[in-house]
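Undergrad: The structure is given below, and queries will be raised subsequently.
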Amino acid sequence: MAETPSQMMRLDTEAPDFALRNVVDDREIKRDDFRGQRGLLVAFICNHCPFVKIMKDQLSQLGRDLREKDIGMVAICSNDAGNYPDDHPDKMKADAARYGYPFPYLHDENQDVAKAYRAACTPDFFLFDANFKLIYRGQFDDARPGNGLPVSGSDIRMAVNALLGGKPPIDTQKPSIGCNIKWKPGNEPDYYKH
């Protein structure tokens, strides 16, 4: 299990546009579908990564909590499903049902959205304000497979509370750590380091 850190996109960057298929209901979901909400959380995850597996229940809870606060959320899987069949859209749909994801689970087949966000690992999180300006990027919390710390989403929750309270972005933003995104052969972005 290789540990890959987030790229830590520059704060205030505008959320790159996307239009991807939700594996749950086959609808196309676009960034602008969330215009008018108080914010948008974009989470790059997958089915098989142990760093994601430990947080799936808490991801669902976070999604429910954000919905109550009028903050949108999407999860995106950009892994190469051909070489990593556990991340095939059919398996994504089953995983979304198993964990009761209350947010769209999107398939980034050509990996262009991951590249636009400079996503590097699963999980990798990006929180934007109502104007789609980046206010947080990095980890869910300090929990990692085997370290015994509780999975709470505390870092993202602090960032959400700052957003809702009209405060500036939180000072401490730690990179997420996870499995590298499984790029298709020859499709690795320039920022990807082996």
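Undergrad: For Glu109 and Ala130, calculate 0.36 nm times their separation in residues minus their Cα-Cα distance, and state this gained length in nm to one decimal.
TA: 4.8 nm
Undergrad: Moving to a separate point now. Could you please tell me the mean projected area of the C-alpha convex hull for the stretch 58-140, averaged over all directions and given in square nanometres to one decimal?
TA: 5.7 nm²
Undergrad: Sticking with this structure for a sec: On a full-extension model of 0.36 nm per residue, what is the gain between Tyr192 and Lys30, subtracting their alpha-carbon distance, rounded to one decimal in nm?
TA: 55.8 nm
Undergrad: Using a 10 Å cut-off on Cβ atoms, rank the peptides 165-173, 37-45 from the highest mean neighbour count down.
TA: Going by the mean number of other Cβ atoms within 10 Å, highest first, we get 37-45, 165-173.
Undergrad: For the stretch 111-194, what is the Kirkwood estimate of the hydrodynamic radius, computed as the reciprocal of the mean inverse distance between distinct Cα atoms, to one decimal in Å?
TA: 14.2 Å
Undergrad: Just to confirm the filter: which chymotrypsin sites (Phe, Trp or Tyr not before Pro) across the stretch 150-193 are DSSP coil and have at most 12 other Cβ within 10 angstrom of their Cβ?
TA: Sparse-neighbourhood loop chymotrypsin sites (Phe, Trp or Tyr not before Pro): Tyr191.
Undergrad: Additional query: Rounded to the nearest 500 deg cm²/dmol, what is the calculated helix-only ellipticity per residue at 222 nm for the chain, with -39500 (n - 2.57) per DSSP H run of length n ≥ 4?
TA: -6500 deg cm²/dmol
Undergrad: Could you work out the local net charge near Gly166, counting Lys and Arg as +1, Asp and Glu as -1, over the other residues with Cβ closer than 15 Å to its Cβ?
TA: With Lys, Arg at +1 and Asp, Glu at -1, the neighbours total +2.
Undergrad: Rg(Cα) of the chain divided by 2.2 N^0.38 Å?
TA: Compactness ratio reported: 0.93.
Undergrad: Between Asp86 and Asp142, how high is the FRET efficiency from 1/(1 + (r/R0)^6) when r is the Cβ-Cβ distance and R₀ = 35 Å? Nearest 0.05.
TA: 0.85
Undergrad: Set the bar at 29 Å for Cα to Cα. Now go through Lys69/Lys182; Lys93/Lys167; Lys53/Lys174; Lys91/Lys167; Lys56/Lys182 and name every pair that lies beyond it.
TA: Lys69/Lys182; Lys93/Lys167; Lys91/Lys167
Undergrad: Explain nothing, just the number: dipole magnitude of the chain about its Cα centre with +1 on each Lys and Arg Cβ and -1 on each Asp and Glu Cβ, in debye rounded to the nearest 20.
TA: Magnitude of the dipole: close to 280 debye.
Undergrad: Using only Cα atoms, what is the ratio of the radius of gyration of the stretch 83-130 to 2.2 N^0.38 Å?
TA: 1.28
Undergrad: Counting other C-beta atoms within 10 Å, which of Tyr84, Tyr101 has the fewest, and how do the rest follow?
TA: The order, fewest Cβ neighbours first, is Tyr84, Tyr101.
Bear in mind these aren't lab numbers, they're just calculated from the coordinates by the rules spelled out. What you see is a predicted model; the values in this text were computed from it and never measured. No Cβ is skipped: glycine too gets one built from the backbone with ideal geometry, and neighbour counts run over all protein chains shown.
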